[in-house]
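Here's the structure we're looking at; comments come further down.
The values are calculated or read from the model by the stated rules, or taken from the named source; none is laboratory data. Quick caveat: nothing in here was measured; it's all calculated off a predicted structure. Here the Cβ positions follow ideal geometry from the backbone for every residue, glycine too, while neighbour counts run over all protein chains shown.
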Amino acid sequence: MRSTAARRTALAASAACLALLATACGGSESGGKDEDKAKAEKSASAEPAAKAMTSAELEKLALADGDVEGHTVEKAGPEDTVSAKDVSVDKKECEPLVHAQLGVAPGDPAATVLRKVVQEPEKPEEDGSQNDGELTDEDFENFEEAIKGAFDLTATAVSLSSYEGDGAEKAVADLRAAADACSGGFNGGIKGDEQKVTGVKAEKVTGGEEAHAWTLTAEHEGDPVPFKLAVVRQGGTLAVFSSYNLASAGSGEDFDLPTAVIDAQAKKLG
């Protein structure tokens with residue numbers, strides 16, 4: 001497992017290598033290149049730091065009902081929110097992961113808005129067949145599929161946060177470091193109701209300037225319960241998606257990332 005310190009050390013080492021490479025390429029004829037470097041540094045320092053958006057501005061970018069086909073979207077209420085002080089975790093390095101899973105915005109955001117997005121059940125298809133009142137094996141199979149479909153719904157908590165400067169990038173880096181360090185599992189959750197997470201596995205996802213996703217497998221009464229976590233960053237704005245599926249919670253089987261939800265939010269971020 002790689003700790004946050006190890007990750008920062010690796011980044012520092014990479015920066016040192018780049019510095020050495022620049023020096024080696026310069027040599028005794030580095031006058032012009034030194035000038036170019038100075039101009040580039042001056043230009044970079046002149047670039048204004050990212051300015052955080054207000055809650056009102058984030059509301060315009062947050063998902064609204066009708067933005068995601070086959071899903072309902074609602075604003076989260078006080079009963080849907082969790083405070084960082086109410087979160088407990090046995091490994092400090094795993095804290096960003098637990099916060100994100102519970103809908104607590106990672107890092108130090110200037111503003112955050114929350115949404116609840118729930119997949120709508122598919123309507124059963126009418127086959128047009130009729131019988132004399134006797135239930136056939138096919139009827140029982142259709143009934144079982146309908147029951148299964150009624151619970152095969154994914155619910156996603158979406159937090160949309162804005163950060164000053166490079167706060168959003170740092171929040172993503174902390175999440176990635178936590179996922180690496182805690183891939184073997186941890187215990188965490190709301191104080192008094194912690195759950196055992198047995199593993200964290202990276203998933204593929206796209207969107208924004210950078211995007212990352214993971215499957216967190218929890219354990220309930222000895223049975224696996226999968227959760228999905230994804231993050232999309234666009235500039236100084238960060239969208240975090242924490243999802244669970246009712247059918248998977250009962251069967252322990254994996255479920256797909258809510259890509260329709262992620263894509264719709266990423267599109268609104270630009």
What number of residues within the range 232-250 satisfy the criterion of being under 12 Å from V172 (Cα atoms) and in contact (Cβ under 8 Å) with a residue 40 or more places away in the chain? 7
Say whether the condition of being farther than 15 Å from S161 by Cα and in contact with a Pro (Cβ under 6 Å, 6 or more places away or on another chain) is met by at least one residue in the range 208-217. yes
Look at E203 and say whether it is surrounded by fewer than 16 Cβ atoms within 10 Å (Cβ to Cβ) and over 19 Å from P258 (Cβ atoms). no
Per the filter on the range 98-113, residues of a type in the set (S, T, N, Q) and under 13 Å from the mean Cα position of the chain (by Cα) are Q101
Just to be sure, is D67 of a type in the set (D, E, K, R), surrounded by 14 or more Cβ atoms within 10 Å (Cβ to Cβ) and out of contact with any Pro (no Cβ under 8 Å at 6 or more places or on another chain)? yes
Kindly indicate the residue of the range 76-126 that is hydroxyl-bearing (S, T, Y) and in contact with a Gly (Cβ under 7 Å, 6 or more places away or on another chain) and also farthest from I190 (Cα to Cα) among those meeting that condition. T81
Residue under question is A264, and the condition is that it be within 27 Å of T54 (Cβ to Cβ) and assigned to a strand (DSSP E or B); does it hold? no
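Residue-by-condition table, conditions (1) surrounded by 17 or more Cβ atoms within 10 Å (Cβ to Cβ); (2) among the aromatic types (F, W, Y); (3) modelled with pLDDT under 95:
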site: L20; (1), (2), (3): no, no, yes
site: E59; (1), (2), (3): no, no, no
site: V73; (1), (2), (3): yes, no, no
site: V117; (1), (2), (3): yes, no, no
May I ask you to say which residue of K191, K201 is out of contact with any Asp or Glu (no Cβ under 6 Å at 6 or more places or on another chain) and basic (K, R)? K201
Which residues, counting only those in the range 215-240, are farther than 18 Å from A155 by Cβ and of a type in the set (S, T, Y)? T237
Can you pull out the strands (runs of 3 or more DSSP E) entirely within the range 150-219 that have at least 3 residues that are closer than 21 Å to V113 by Cβ and at pLDDT 95 or above? 154-162
